[in-house]
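The values are calculated or read from the model by the stated rules, or taken from the named source; none is laboratory data. Keep in mind the model is a prediction, meaning the values are calculated, not measured. Note: ideal-geometry Cβ built from the backbone for every residue, glycine included; neighbour counts use all protein chains shown.
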């Protein structure tokens, strides 16, 4: 494959680093040992929050009162789209029971986890949409206890009111005013709610990601998320101003958020390279600083000779977000394999998916799109199997199971088949040895 770079990244993002791990390990150990008191201490030290951790109904009512009706209507619109999509995901799953052979009945049950912890980032931006993506999806899945958490700040007087309203609309049962490692620990341990989480989901900074990584196994998680990343695949039909705007818009997430363009048209790539500084310069100061650093250090423009090569580049990168602005969108849909979420055509963009169009925006990063999709209803549902059989069916199954067990050297397993054959068919003699000797 022949590719060349008009612009190549000077840095490669990593999910954790040597500085983060010991800090997170120490915090988790202290919270485990000292309980809710340690959690409160970290909220005070790191976020300056000394108020209540468990958000009251009065606080939720006040947050709703403070928001303009247009904001509340927009949140309700986004919630409706995410809910509708999640309901279709849920309905695409099926329980079943079937007979494999006479007398051998097997089946599948779909059982939601009991408690889901939903982490919603705070900090620089008010991530109301993230509250919808996690809380609403868990609720649609049938989770009994949906516990949401987000950082509270002294300056704001708690959690951003839009986040609180989105959590409430999306069905959160309890809300914690906590961020960072202490929030992930509190969800895991059931602090302030009495409901330890079975799964913890939601994006966060590198400390949050590391806490989820360490606790994985004890709890389920969605993904170990790194900084947001986005790729655009484009050909000669793409509008360079639109492409550049989409790249700059995603670079706004943070100074370590990669944005990539792969294109079959050198002229398009060169024009986007020219436009990026101008578009970034027009952003507000906080967004401009983040986008400038992200584009400078992590931005890339990759040229390929064919769309097949461009498709392979996309699959190799396995980006969190993948936009296609090219001819024959159905071809790209058929051939692309590795991505978190796909946006086909100029008319859609990552921001639409991030905020309100329906599919979930909590997605795999760092190439995890090679083996995992984003947050969905199925993440909250256990696919559990069962079986039952008649004695006649057990006659055949037991013989095979005993022979395979002995082939593997597992005499105890073989014995469990033998005793049933002896009880159910005392007059018969069976071949229960594997017949293989090393």
Residue identified as assigned by TED's automatic domain parsing to the domain that holds residue 190, free of Cβ contacts under 8 Å to residues at least 40 places away in the same chain and either under 30 Å from residue 189 (Cβ atoms) or assigned to a helix (DSSP H, G or I) (or both) among 40, 30: 40
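Here's the yes/no breakdown for (1) touching a helix residue (DSSP H, G or I) at 6+ places or on another chain (Cβ under 8 Å); (2) in a helix (DSSP H, G or I); (3) farther than 26 Å from residue 332 by Cα:
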position: 241; (1), (2), (3): yes, yes, no
position: 257; (1), (2), (3): yes, no, no
position: 261; (1), (2), (3): yes, no, no
position: 271; (1), (2), (3): yes, yes, no
position: 276; (1), (2), (3): yes, yes, no
position: 280; (1), (2), (3): yes, yes, yes
position: 283; (1), (2), (3): yes, no, yes
Output the qualifying pairs, or none if there are none: Cβ atoms under 6 angstrom, residues six or more apart or on different chains, first residue in region 1-24 and at negative phi and modelled with pLDDT under 90, second residue part of a loop (DSSP other than H, G, I, E, B) and loosely packed, with under 14 Cβ neighbours inside 10 Å. 2/305
What residue, of 333, 322, is in contact (Cβ under 8 Å) with a residue 12 or more places away in the chain and in contact with a strand residue (DSSP E or B) (Cβ under 7 Å, 6 or more places away or on another chain)? 322
Which residues, counting only those in region 336-383, are touching a residue at least 24 places away in the same chain (Cβ under 8 Å), surrounded by 15 or more Cβ atoms within 10 Å (Cβ to Cβ) and in a helix (DSSP H, G or I)? 350, 351, 353, 354, 355, 368, 369, 377, 378, 379, 380
Just one of 164, 178 is more than 19 Å from the chain's Cα centre (by Cα), surrounded by 24 or more Cβ atoms within 10 Å (Cβ to Cβ), in the same structural domain as residue 66 (by TED's automatic domain parsing) and farther than 29 Å from residue 29 by Cα; which is it? 164
Enumeration of residues in region 128-153 that are touching a residue at least 60 places away in the same chain (Cβ under 8 Å) and touching a helix residue (DSSP H, G or I) at 6+ places or on another chain (Cβ under 7 Å): 129, 133, 137, 138, 140, 141, 143, 151, 152, 153
Quick one: would you say residue 58 is loosely packed, with under 14 Cβ neighbours inside 10 Å, part of a helix (DSSP H, G or I) and more than 29 Å from the chain's Cα centre (by Cα)? yes
In region 390-412, is there at least one residue being surrounded by 15 or more Cβ atoms within 10 Å (Cβ to Cβ) and in contact with a strand residue (DSSP E or B) (Cβ under 7 Å, 6 or more places away or on another chain)? yes
So residue 185, is it out of contact with any strand residue (DSSP E or B) (no Cβ under 9 Å at 6 or more places or on another chain) and in a helix (DSSP H, G or I): yes
Can you say whether residue 417 is surrounded by 16 or more Cβ atoms within 10 Å (Cβ to Cβ) and in a helix (DSSP H, G or I), as far as the supplied structure shows? yes
The lone condition residue 176 fails out of (1) outside any strand (DSSP E or B); (2) in contact with a strand residue (DSSP E or B) (Cβ under 9 Å, 6 or more places away or on another chain); (3) within 28 Å of residue 356 (Cβ to Cβ); (4) touching a residue at least 40 places away in the same chain (Cβ under 8 Å) is (1)
Could you check region 87-136 and list, in sequence order, the residues that are surrounded by 19 or more Cβ atoms within 10 Å (Cβ to Cβ), modelled with pLDDT of 95 or more and in a loop (DSSP other than H, G, I, E, B)? 113, 120
